Amino acid sequence: MNVEKLPEPPERSLSDGSRDSDPVDLEQLGEREGYVLDTAHAQQQNLKTTPDGKTVLIPQPSNSPNDPLNWSSFRKHLILIVVSATAFLPDYGSATGAVTLLPQAAAWNMTEDHVNHSQVGNVFMLGAGGPFVVALSAYFGRYPVLFYFMVLAVATAVWCAAAQSFESFMAARILNGFFSTVAQGGGLMFIKDMFFFHEQARKINIWSAFIILSPYMGPLLAAFIINTQIWQWAFGVYAIETGLCLVAIVLFVEETYYDRKNKQFELVPNAPRWKRMLGIQQRQANYIANTPLDAVMRLVTVLLKPVIIWAVLYYLLTFAWVVGINTTLSIFLGPLYGFGPKQIGFFYFTPVVAAILGEIAGHWLHDMIASYAAKRNNGRLEPEARLMATWIATPLMLAGLILLGFALEEGYHYMLTALGWGLYVFGIMIVTVAVNAYVLDSYPEASGEVAAWVNFGRTTGGFIVSYFMVEWADKQGAKRQFGTMTGIVVFAFLLVLALGKVGKGLRRWAGPVNFKTA
């Protein structure tokens with residue numbers, strides 16, 4: 001099957017006055033008719049490929065060394081690791097607060113539920129901050145928004161550790177949630193800017209692994225810290241981690257925005273690097289064509305696409321129980337198994353190991369699914385094929401939830417409880433990559449916007465269930481509680497099965513986003 005012939009591309013102005021023809025927009029064609037990766041199916045001449053000549057590069061890179069797609073592998077992966085480590089922070093800090101409730105309640109003469117209000121506010125802001133990050137990045141650039149948000153994240157993290165009253169602590173937690181989410185809500189932009197289509201699933205897998213690990217690493221370390229130290233040290237460690245990420249951002253990250261749609265001067269690194277970090281060079285050069293209204297309307301346009309709403313709803317219903325189990329499990333573990341803070345901390349190794357195994361499996365799984373789907377479709381990979389990974393993940397998640405419910409109510413050995421938790425976390429790791437890859441493939445020029453809404457759905461689910469999970473567990477018991485969770489995950493899977501069937505038609509009906517800039 002031949003690739004559709006596209007019109008002649010526009011030209012780009014380089015800093016030396018020469019002209020560089022923009023590459024063919026294979027993303028536009030792939031979004032509409034399926035992505036062609038195998039050179040055996042791509043008959044259009046002069047397409048750039050991987051060094052082995054077997055895979056078409058999507059998008060086609062320019063000839064400029066300043067194009068992030070042309071950067072060295074080391075430089076790309078260094079930025080990816082820094083962004084992923086920064087994405088680790090929000091849920092880590094949020095979950096740390098779940099463990100410090102007991103000593104804080106005692107110190108401030110409050111109930112644990114009252115202190116938990118700071119946790120709920122923090123979780124909500126983790127999702128609410130994402131759209132702001134993306135809109136600001138569409139106007140000012142990726143790098144300065146990442147830098148400024150992280151400066152404020154460090155300040156508010158220190159404030160959390162130094163707070164002397166609940167009111168001060170709550171204000172710090174809410175603000176920290178908003179600013180620390182910068183690489184969660186906007187991390188997909190960096191992946192899309194630097195990596196080709198055939199590489200993106202594996203890079204999303206790395207970025208997602210940091211995000212999925214973080215809500216378990218927080219309680220794990222905090223449980224050990226408060227066992228021997230005052231609770232402030234749990235947030236002191238978090239503040240140190242946040243500061244280290246800020247240092248890495250200053251030293252290693254670069255502006256990755258590169259508009260492939262418009263004639264423009266490149267942001268050639270001929271100015272001091274700190275000017276790009278602060279956003280000065282981007283504004284002086286009028287590097288980004290978006291107006292403030294354009295930046296805001298990009299978010300609205302993406303949210304109005306039916307498949308995005310559908311995917312976000314699926315992820316909300318599936319991921320919410322990550323927060324729910326995190327909130328509830330310690331209530332069962334103490335009385336059931338006689339676990340103290342240290343033993344509960346050790347128990348958190350279960351989801352950590354499960355998330356790592358999910359990352360390792362996903363390194364090959366998503367590419368295998370893509371190759372299989374493309375072969376069955378004459379070499380074209382439809383975005384909906386990414387959702388096939390949920391067929392593998394869902395049975396594991398269901399088995400994990402059912403086993404957890406029975407183990408906690410019937411008093412099974414704690415290793416069976418750990419197995420149930422691990423199965424669910426392993427499955428959610430696979431699902432996270434599948435959903436992010438699907439929305440990115442569906443609207444590749446809206447990488448930041450789709451990531452912001454997926455992150456919003458994830459955190460909204462956690463925000464909602466955190467209000468009733470403890471009371472629900474006390475009233476109905478583990479079997480009924482986890483049985484209801486299982487039913488909701490089954491319903492969510494039916495939603496994603498339907499999306500796999502009708503998604504392409506809905507995307508064609510809704511049309512492309514047609515943004516002013518890529």
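The values are calculated or read from the model by the stated rules, or taken from the named source; none is laboratory data. All values derive from a computational prediction rather than experimental measurement. Cβ sites come from the backbone with ideal geometry, for glycine too, and all protein chains shown count toward neighbours.
Computed values, structure above
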quantity: Pairs where the first residue, in region 395-420, is surrounded by 21 or more Cβ atoms within 10 Å (Cβ to Cβ) and the second is of a type in the set (Lys, Arg), C-beta under 9 Å, 6+ apart; calculated: Gly405/Lys479; Gly405/Arg480; Leu408/Lys479
quantity: Members of region 161-186 found to be touching a residue at least 60 places away in the same chain (Cβ under 8 Å) and in contact with a Leu (Cβ under 9 Å, 6 or more places away or on another chain), listed by number; calculated: Asn176, Gly177, Ser180, Thr181, Val182, Ala183, Gln184, Gly185, Gly186
quantity: Within region 499-518, tally of residues that are over 13 Å from Leu313 (Cα atoms) and in a helix (DSSP H, G or I); calculated: 11
quantity: Considering residues of region 269-284 that are part of a loop (DSSP other than H, G, I, E, B) and within 18 Å of Leu136 (Cβ to Cβ) only, the residue modelled with the lowest pLDDT; calculated: Gly279
quantity: Contacts under 7 angstrom Cβ, first residue in region 66-77 being of a type in the set (A, V, I, L, M, F, W, C), partner outside any loop (DSSP other than H, G, I, E, B), 6 or more apart; calculated: Leu69/Met194; Trp71/Met194
quantity: The listed residue being among the charged types (D, E, K, R), under 30 Å from Glu254 (Cβ atoms) and over 25 Å from the mean Cα position of the chain (by Cα), out of Lys76, Lys54; calculated: Lys54
quantity: Residue among Arg380, Arg386, Arg376 that is more than 29 Å from the chain's Cα centre (by Cα) and not hydrophobic (A, V, I, L, M, F, W, C); calculated: Arg376
quantity: Residue satisfying condition, being under 14 Å from Gly427 (Cβ atoms) and in contact (Cβ under 8 Å) with a residue 12 or more places away in the chain, within set Ile392, Ile369; calculated: Ile392
quantity: Residue list for region 142-182, filter: buried (at least 23 other Cβ atoms within 10 Å of the Cβ) and not in a helix (DSSP H, G or I); calculated: Thr181
quantity: Evaluation of Phe463 against (1) surrounded by fewer than 24 Cβ atoms within 10 Å (Cβ to Cβ); (2) more than 17 Å from the chain's Cα centre (by Cα) (one fails), failing number; calculated: (2)
quantity: Residues located in region 222-231, provided they are buried (at least 18 other Cβ atoms within 10 Å of the Cβ) and either outside any helix (DSSP H, G or I) or modelled with pLDDT of 90 or more (or both); calculated: Trp231
quantity: Single residue of region 347-366 satisfying the filter (touching a residue at least 12 places away in the same chain (Cβ under 8 Å) and surrounded by fewer than 18 Cβ atoms within 10 Å (Cβ to Cβ)) that is nearest to Val36 (Cα to Cα); calculated: His363
quantity: Residue count for region 466-498, restricted to those that are of a type in the set (D, E, K, R) and under 24 Å from the mean Cα position of the chain (by Cα); calculated: 0
quantity: Condition check for Ser62: modelled with pLDDT of 85 or more, touching a Gly at 6+ places or on another chain (Cβ under 8 Å) and either part of a loop (DSSP other than H, G, I, E, B) or among the polar types (S, T, N, Q) (or both); calculated: no
quantity: Residue in region 316-334 that is over 30 Å from Asp441 (Cβ atoms), aromatic (Phe, Trp, Tyr), surrounded by 19 or more Cβ atoms within 10 Å (Cβ to Cβ) and modelled with pLDDT of 85 or more present; calculated: no
quantity: In region 247-266, the residues that are surrounded by fewer than 21 Cβ atoms within 10 Å (Cβ to Cβ), part of a helix (DSSP H, G or I) and in contact (Cβ under 8 Å) with a residue 24 or more places away in the chain; calculated: Ala248, Val250, Phe252
quantity: Residue ID - modelled with the highest pLDDT, chosen from residues in region 186-205 that are farther than 17 Å from Val433 by Cβ and surrounded by 24 or more Cβ atoms within 10 Å (Cβ to Cβ); calculated: Met194
quantity: Any hit, region 105-115, residues being buried (at least 24 other Cβ atoms within 10 Å of the Cβ), within 20 Å of Ala222 (Cα to Cα) and out of contact with any Lys or Arg (no Cβ under 6 Å at 6 or more places or on another chain); calculated: no
quantity: Qualifying residue in region 466-479 (condition: of a type in the set (Gly, Ala, Ser), modelled with pLDDT of 85 or more and on the phi < 0 side of the Ramachandran plot); calculated: no
quantity: Yes/no for Ile308 being under 25 Å from Leu146 (Cβ atoms), in contact (Cβ under 8 Å) with a residue 12 or more places away in the chain, out of contact with any Pro (no Cβ under 6 Å at 6 or more places or on another chain) and not in a helix (DSSP H, G or I); calculated: no
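Here's the yes/no breakdown for (1) at pLDDT below 95; (2) within 23 Å of Pro215 (Cα to Cα); (3) in contact with a helix residue (DSSP H, G or I) (Cβ under 9 Å, 6 or more places away or on another chain); (4) assigned to a helix (DSSP H, G or I):
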residue: Gly358; (1), (2), (3), (4): yes, yes, yes, yes
residue: Ser371; (1), (2), (3), (4): yes, no, no, yes
residue: Gly405; (1), (2), (3), (4): yes, yes, yes, yes
residue: Leu423; (1), (2), (3), (4): no, yes, yes, yes
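Yes/no per residue for (1) in contact with a Phe, Trp or Tyr (Cβ under 6 Å, 6 or more places away or on another chain); (2) crowded, with 16+ Cβ neighbours inside 10 Å:
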{"residue": "Pro51", "(1), (2)": "no, no"}
{"residue": "Ser64", "(1), (2)": "no, yes"}
{"residue": "Trp71", "(1), (2)": "no, yes"}
{"residue": "Leu80", "(1), (2)": "no, yes"}
{"residue": "Ala87", "(1), (2)": "yes, yes"}
{"residue": "Pro90", "(1), (2)": "no, yes"}
{"residue": "Ala95", "(1), (2)": "no, yes"}
{"residue": "Ala98", "(1), (2)": "no, yes"}
